[in-house]
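Trainee: So that we are looking at the same thing, I have put the structure below in structure tokens.
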Amino acid sequence: QVRLVESGGGLVQAGGSLRLSCAAFGSTFIINTMDWYRQALGKQRELVAGITSDGLVNYVDSVKGRFTISRDNAKNTVYLQMNSLKPEDTAVYYCHAEAYSRSHYWGQGTQVTVSS
């Protein structure tokens, strides 16, 4: 089993920055990909950024050039650096991990609010 614990959310003005962290605990050796999803009020959850154990990354188009995902395998932690934040980035951000077995794990979510 894997437990994910997010931190770093909060309230920021448009144009500001935040860094989210997600630490994995437990059987972390089974983790392949780690991702950040977000869910805005009244909308479906969407994939924001993902990174494989080899460091391959992908981003949703709306955050390309503003967000950076990174991963410290020694610390079992994934980060999401968010710059040039916009009000439309306001959402609950969830950390997700997919194991090599295709099992899925989710964090509890952290609120990011961007004021205009």
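Trainee: Quick one: if you stick a label point 7 Å off each Cα along the C-beta vector at ASN32 and ASN83, how many nm between them?
Mentor: 3.2 nm
Trainee: A further question follows. Give me the dipole magnitude in Debye, nearest 20, for the chain about the Cα centre, with unit charges on the beta carbon: positive for Lys and Arg, negative for Asp and Glu.
Mentor: The dipole magnitude comes to about 100 debye.
Trainee: Taking the Cα-to-Cβ direction at SER70 and at SER53 and moving 7 Å from each Cα, how far apart do the two end points lie in nm?
Mentor: 2.2 nm
Trainee: Could you check which residue among ASP72, ASP61, ASP35 shows the biggest mean-square fluctuation in a GNM of the chain with a 10 Å Cα cutoff?
Mentor: The residue that fluctuates most here is ASP61.
Trainee: ASP61 versus GLN39, label points 7 Å from Cα toward the beta carbon: distance in nm?
Mentor: About 2.5 nm, to one decimal.
Trainee: Rank these residues by their accessible area, most exposed first, probe 1.4 Å: GLU6, GLU98.
Mentor: The ordering from most to least exposed comes out as GLU98, GLU6.
The values are calculated or read from the model by the stated rules, or taken from the named source; none is laboratory data. Model, not experiment: these values are computed from the prediction. For neighbour counting, all protein chains shown are included, and Cβ atoms are generated from backbone atoms with ideal geometry for every residue, glycine included. Heads up: the accessible areas ignore ligands, DNA and RNA and are worked out on the full protein's heavy atoms, side chains in. Shrake-Rupley method; radii C 1.70, N 1.55, O 1.52, S 1.80 Å.
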